[in-house]
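Notes follow once the structure below has been shown.
Values quoted throughout were computed directly from the atomic coordinates according to the rules given, and no laboratory measurement underlies them. Note that the structure is predicted; figures quoted are calculated from it, not measured. Note that we place each Cβ from the backbone using ideal geometry, even for glycine, and neighbour counts take in every protein chain shown.
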Amino acid sequence: MKTTHRPELREPVRAFAGLLAEGREAIPLASFAALFGATEEVLAPVRKRGDIVFSGDRFSNDGPDLVVEAGRVQIEISSLIQGRWSASPDGFSLAFPLPEFGVRACVQIAFLRKCFDLEEIRASATEIVLDFGGGPADRRYTF
């Protein structure tokens, strides 16, 4: 797992965790995208997808398929994203158990296009981990 120090992610993670802790039933999908350090250019099309809806231990967001260019990576958001979530006083977890209802990161290397399905996001007061299934795309960002 590659680890990078990204102090600018502390506030988006803290804000998202705070909304979950408040028991919000809906949080803008753009707040989720901010967890990745998305720029305003990337956030603009994501805002059109509306809110992530939280019910019990499940979450979902429904809208058009979305492909967002983020530097060398293409982020693909399926028309329906859904999964399970949990929160604690110092962090949260969002799990995408089925790849067809999640987020995918794709990289073009020469003639090869490689995609990785996001399985889980785990955040604490000191880091956020993007788990793509234990492969080379896994990332840990410390604050």
The chain: proportion of alpha-carbon pairs further apart than 18 angstrom, %: 54
Between Arg10 and Asp57, how high is the FRET efficiency from 1/(1 + (r/R0)^6) when r is the Cβ-Cβ distance and R₀ = 35 Å? Nearest 0.05. 0.85
Inter-centroid distance (Cα atoms) of the range 1-16 relative to the range 81-101, Å: 17
Dipole of the range 2-142, Cα-centred, from +1 at each Lys and Arg C-beta and -1 at each Asp and Glu C-beta, to the nearest 20 debye? 320
